[in-house]
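What follows is one structure encoded as structure tokens, with my remarks underneath.
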Amino acid sequence: MENNIIQIEDLVKIYMLSDEVSVRALKGVSVSVKRNEFIAIMGASGSGKSTFMNILGFLDTPTSGKYILDGIDGSYLSNDDKAEIRNKKVGFVFQGFNLLSRTSALENVELPLMYKGGVSPAYMKKRARELLGLVGLSGREDHHPNSLSGGEQQRVAIARSLINEPSIILADEPTGNLDTKNSDEIMEMFTNLNREMGITIILVTHEPEIAEYTDRKIVFRDGMIINDEKIKKNKKLPKRK
């Protein structure tokens, strides 16, 4: 369907631990994601959700099945092609922030554009400053990660994920290292990016309160999707204490 940014059909992932031992991490997963959806992926450790997210981000390759992202069939892509698509179409936000400690917030945000190439230094700085302003960090551009709070570091990571104007943002436990106040602020930021900028966001979380910010919850167990439901929200979520 034209409105689907992701189409997955019968996705299987088998890890060979030895010649005789294998693990089926995904067992025939089929799911579609519409443009501008905001989705929470949940499930216990070992349920397959991390493998699923790695395949979504072209960080892993399925054993069989089909994965189409924004009209591109990933089944036949080389590693170089996957790296190029990953840089252009996917923004990543991680639990541990994954910032370079010896570079400033501004330089951290610029990195994906540097890898992309063909962009002037002046444009990189301008674009990075704009995005740091968008996430509420104007005036903090020259600060290094060790002088920023956890919430501020995650804001830098979100700005970095946006710099190539990706089709989709994948967030792996983005609030896992944050307190409740900062977690709520980060989730409100994701909500605004989804609603106001129309960015498709898929995040992994183990916290039901975090999942309530999203519009759809997909639950994995033993390599399969066992629940896929819309989340009904009739009012603004209250601040947690």
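Counting only helices (runs of 4 or more DSSP H) that sit wholly inside segment 69-135, those with at least 3 residues that are surrounded by fewer than 16 Cβ atoms within 10 Å (Cβ to Cβ) and free of Cβ contacts under 8 Å to residues at least 24 places away in the same chain are 79-89, 121-134. Once segment 218-241 is narrowed to residues that are surrounded by fewer than 13 Cβ atoms within 10 Å (Cβ to Cβ) and at pLDDT 85 or above, the residue that is farthest from residue 33 (Cα to Cα) is 226.
From the list 14, 8, 55, the one residue that fits, being touching a residue at least 40 places away in the same chain (Cβ under 8 Å) and either surrounded by fewer than 20 Cβ atoms within 10 Å (Cβ to Cβ) or over 23 Å from residue 217 (Cβ atoms) (or both), is 14. Filter segment 17-30 down to residues that are surrounded by fewer than 15 Cβ atoms within 10 Å (Cβ to Cβ) and of a type in the set (A, V, I, L, M), then give me how many there are. Of the residues in segment 17-30, 3 are surrounded by fewer than 15 Cβ atoms within 10 Å (Cβ to Cβ) and of a type in the set (A, V, I, L, M).
For segment 180-216, the candidate set comprises residues that are touching a residue at least 12 places away in the same chain (Cβ under 8 Å) and among the acidic types (Asp, Glu); within that set, the residue that is nearest to residue 47 (Cα to Cα) is 207. For segment 137-150, a residue qualifies if it is crowded, with 19+ Cβ neighbours inside 10 Å and either touching a Gly at 6+ places or on another chain (Cβ under 8 Å) or not in a loop (DSSP other than H, G, I, E, B) (or both), and exactly one does: 145.
The values are calculated or read from the model by the stated rules, or taken from the named source; none is laboratory data. Small disclaimer: the values here were computed from a predicted structure and weren't measured. Note that we place each Cβ from the backbone using ideal geometry, even for glycine, and neighbour counts take in every protein chain shown.
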